Amino acid sequence: MTSRRPHLLYTAWGFPPSRAGGVYRALATVNAFARKGWDVTVLTVPRSLFVDSTGGDLELEKRVHPGVVVERVPVATPAFESGIDTWPRMRARVPEVWAALDWRHDLVRFPERAYGRWRLALERAARDVHARHRVDLAIGTANPNVDFIPGAFLHRHAGVPYIMDYRDAWRLDVFSGRTLHRPASRAGRWERRLQRDASEVWFVNEAIRQWHDAAAPSIAAKTRVVANGYEEYDAQLAVPVRADRERQLVFGYIGTVSTQVPIDALIAGWRLARSRDERIATARLVIHGYSGHFGANGGSFGALGDGGDGIEFAGPVSKATIGQVYAGFDALILALGSGRYVTSGKVYEYAATGVPVISVHDPGNAATEVLADSPAWVGARSLAAVDVADAIIAGAALALRQTGAQRAEAQKWASRYARSRQLDPRIDQLREIVDGREAG
């Protein structure tokens, strides 16, 4: 091992104080590299893009390792400008036409609407960082896919190895399984070039990796599964059995309520379960989270009713103190969009609590593979109301009979999904690669 600390350049549009789901993978990755003795520089967008537009988690920002240098690269992003009083007259009067014309600023540089215009600024930033402090490895985490640009730029101009870290996919719709871009399309050609020159290509589950290996056999030797996992901040996730559960069961859902989440199916199943089981009839269902990914109402909140069904919408909760919220639940509802490629980082965090988890999603989801052996899991057979109701009733029974020892057993089972167990082996391997390259 060389004495010089290796330097990682990490690019993530979604970085604290972003509150988007992918931010947790980005934060955990840079913190893990910093703890392993790397110098880390992050390229991301200005704070105001989140704080003033989509909403931010300011507590999460405090969890960035003190050794990580964060450089915020300016970008003009009309799609995130919510202040209508600042819009040009044409945008206010004919927004669809204005957007179609504005997208040219993205697509001429990189084939990605709303994000492509960031490419040139990212290349300049990567060049400047490398000039000040030589970069040994670059990682870009997508989406957006423009995050891959700094690594490719430094590889082309300075031979720096880079990694493409996909949270979802570029050409694959992970919900429908549909191919979004043909191989011969501009996006397809860009992706092929980027993958060709990358040292490794990471995916979050085996299903997505296999799809890409089949679509591009030439990259199969360098694809890796680096799964999501859970991390803990101020409050531990392993929570005890709630003492008050016999009096009233409390079910919980924590996550963004988007159009992909089957809230309607959950509510229909919940109401049916209440009519069939007295334990559910007196129970509460508490929903924590944002409505939609961009701060607008992207979820089916009309289905939540007025609270007469024991349903409460409690709003978002900071990731830093989320363990305190889990401690108030007797069972957790894992409601996910359909698709065999869908896992979601939430599944690992749910499992870590040891609280019984009730899956309300397509049984073919990759999340089912994660939880299949858990001693604290109940899966709905389908999203039909009767199957969701059956799962909720079974989950209630499990929640009431789970002992402290059984809760501890479930927590021990889930410890395999600690984020460090996913990242540390890869970081150790990458350190060997960087050291070997340095010695050579």
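The values are calculated or read from the model by the stated rules, or taken from the named source; none is laboratory data. Fair warning: this is a prediction, and the values are worked out from it, not measured in the lab. All Cβ positions, glycine included, derive from the backbone under ideal geometry; neighbour counts span all protein chains shown.
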Can you tell me which residue is farthest from T29 (Cα to Cα) among those in the stretch 398-435 that are over 22 Å from the mean Cα position of the chain (by Cα) and in the same structural domain as R35 (by TED's automatic domain parsing)? D435
Can you give me the ranges of the helices (runs of 4 or more DSSP H) entirely in the stretch 14-110 with at least 2 residues that are modelled with pLDDT under 85? 89-93, 95-102, 104-107
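Results for (1) touching a residue at least 24 places away in the same chain (Cβ under 8 Å); (2) under 27 Å from L172 (Cα atoms); (3) assigned by TED's automatic domain parsing to the domain that holds A32, shown as yes or no for each residue.
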{"site": "E123", "(1), (2), (3)": "yes, yes, yes"}
{"site": "V129", "(1), (2), (3)": "yes, no, yes"}
{"site": "I149", "(1), (2), (3)": "yes, yes, yes"}
{"site": "H155", "(1), (2), (3)": "yes, yes, yes"}
{"site": "G159", "(1), (2), (3)": "no, no, yes"}
In contact with a strand residue (DSSP E or B) (Cβ under 9 Å, 6 or more places away or on another chain) and either in contact (Cβ under 8 Å) with a residue 12 or more places away in the chain or not polar (S, T, N, Q) (or both): is that true of A408 in this structure? no
Would you check if there is a residue in the stretch 182-201 being without any contact (Cβ under 8 Å) to a residue 12 or more places away in the chain and closer than 23 Å to R340 by Cα? yes
So is A385 outside the structural domain of Y24 (by TED's automatic domain parsing), touching a Lys or Arg at 6+ places or on another chain (Cβ under 7 Å) and touching a residue at least 24 places away in the same chain (Cβ under 8 Å) or not? no
Pick from the stretch 243-264 the residues that are under 17 Å from E312 (Cα atoms) and at pLDDT 95 or above: which of them is surrounded by the most Cβ atoms within 10 Å (Cβ to Cβ)? F251
From R416, R401, residue being at pLDDT below 95, out of contact with any His (no Cβ under 6 Å at 6 or more places or on another chain) and surrounded by fewer than 20 Cβ atoms within 10 Å (Cβ to Cβ): R416
Tell me, please, whether a residue that is surrounded by fewer than 17 Cβ atoms within 10 Å (Cβ to Cβ) and without any contact (Cβ under 8 Å) to a residue 24 or more places away in the chain can be found in the stretch 202-209. no
Being at pLDDT 85 or above, assigned by TED's automatic domain parsing to the domain that holds V357 and either under 27 Å from L27 (Cβ atoms) or surrounded by fewer than 18 Cβ atoms within 10 Å (Cβ to Cβ) (or both): is that true of H288 here? yes
Matching residues in the stretch 397-427 - criterion: being farther than 23 Å from S344 by Cβ and either part of a helix (DSSP H, G or I) or aliphatic (A, V, I, L, M) (or both): A397, L400, R401, G404, A405, Q406, A408, E409, I427
